[in-house]
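Notes follow once the structure below has been shown.
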Amino acid sequence: MPSHIALRGLPLENLKRKPFRTGALLAVVTILALTFFGGTMLTMNLNTGMTSMEKRLGADLMVVPQDTAQKAEALLTNGNPSTFYFTRDIATEVKQADGIEQASEQTYISSLAAACCDEKLQIIGYDPSTDFVIEPWVASQFKGTLEDGKMIAGANVNVSTDGTIELYGRKWPVIAQLANTGTSLDNSVFINQATVPDMVAASSKVSKQVMPMEYAGKAVSTVMIKVKQGYEAQTVAENIKRIDSRFADLGYVYPGGITANTKTSLTALVTYLKVFVAVIWVMGVIVLLAVFASSANERKREFASLRIMG
C-alpha cells in the first residue's frame, strides 16, 4: 500500500480494495450495455434489411414461365437457385402491353455446387442498358461496363485471391463485389445476356447442360416490369393476358406483395424487440440507480474521511 495516495491513483486503489463489489458492478453494467446494444442493433438491422429488400425488388411485376411463379418468389427472398425460361419472342410481345413504363429481361441459371461456395450459386443474366432493378445497385459501387465473359459477385460469394470464381470447370473474372442486401441476391453472380450462351456451353462440358444450346441465346426467365403512374400491377398483368390467349398461363409475380407479406410477418418480431429493449432500458435505469445509490450509502463514512483529509 503506497504511503501517499494521489488523486490520480485513488480510483484504481478504490477498485482494488473491494474486488467483489467492483466485479459485481462491472458485471451488471456490462450485461445491461450488451443487452441495450444487441437489442437496438437487431431492431435497426431488421428495419434496414426490409428497406434494402424493397429497393432491390424494384419491379412492380414479374412475368415468368408457366408454373414457375413459386420459384421466382423464392429467388426474391431466400429460396434455392433455379433454372427456368421461355423464349425472347414471348418477352418481346409481353412488353407491348398497355401500362408498362419500363421492362427488362433477366435469365436465371442454377450452378453446380461451386468450388468457391458452400452452396449452389444463382447465375443471373441481365441487360445493363435496360435494367432498372440490378443496375442502379451495381452502379452505386461499380462505374465500369460489365463486359462479356466477366461477372459481378454478390456479397456472400467467396472470390478467389486471383479475382475469379470457378463455375462449370472454368474461371470467370470478377470485376466487382456488391454490398450486402440481406436477400438471395447476396448468393448470386451477375453476367450480361451475351455471356449466357458461354455459361450454357461451359455447363455441357462438366455436367448436364442447363438448357439446350439452341435456346441459350434467346432464353428469358423473367420480364421485370415497372408500371406507369396511375396503373396497378394487376391491371397490367390483365393487359398482358389479353395480348394472346397463351399468356393467360404465364406466371405473374408481384414483388411488392412479397415484400409486404415478409414485412407483415416481421412486424410482430420488431414490435416485441422494441418493447423488450424499452423494458430493459427502464429496468436498467432502476437497477443502476439502486446499485450505485446503495454503494454510495454504504460508503458514506469513507467519503466523509476523504473529505476530512482534503
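The values are calculated or read from the model by the stated rules, or taken from the named source; none is laboratory data. Computed from a predicted structure; not experimentally measured. For neighbour counting, all protein chains shown are included, and Cβ atoms are generated from backbone atoms with ideal geometry for every residue, glycine included.
I'd like the residue in the range 152-190 that is more than 19 Å from the chain's Cα centre (by Cα) and farther than 20 Å from Val206 by Cα and, out of all such residues, is surrounded by the fewest Cβ atoms within 10 Å (Cβ to Cβ). I'd like the intermediate steps shown before the answer.
So in the range 152-190, the residues more than 19 Å from the chain's Cα centre (by Cα) come out as 160-175.
Of the ones still in play, those that are also farther than 20 Å from Val206 by Cα are 160-163, 174-175.
Values: Ser160: 12, Thr161: 5, Asp162: 8, Gly163: 13, Val174: 19, Ile175: 14.
Among those that are more than 19 Å from the chain's Cα centre (by Cα) and farther than 20 Å from Val206 by Cα, it is Thr161.
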**OP:** Would you check if Arg88 is modelled with pLDDT of 85 or more, farther than 18 Å from Ala248 by Cβ and surrounded by 13 or more Cβ atoms within 10 Å (Cβ to Cβ)?
**Re:** yes
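Kindly indicate the residue of the range 191-212 that is among the polar types (S, T, N, Q) and at pLDDT below 85 and also surrounded by the fewest Cβ atoms within 10 Å (Cβ to Cβ) among those meeting that condition. If you could, list the steps in order and put the result at the bottom.
Residues of the range 191-212 among the polar types (S, T, N, Q): 192-193, 195, 203-204, 207, 209.
Next cut, at pLDDT below 85 only: 203-204, 207, 209.
Working: Ser203: 24, Ser204: 15, Ser207: 12, Gln209: 15.
Per the criteria, the residue is Ser207.
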Original post:
modelled with pLDDT of 90 or more, buried (at least 16 other Cβ atoms within 10 Å of the Cβ) and within 26 Å of Arg170 (Cβ to Cβ), is that true of Glu135?
Top reply: no
Original post:
Regarding Ser140, is this residue within 23 Å of Asp60 (Cα to Cα), among the hydroxyl-bearing types (Ser, Thr, Tyr) and surrounded by fewer than 17 Cβ atoms within 10 Å (Cβ to Cβ)?
Top reply: yes
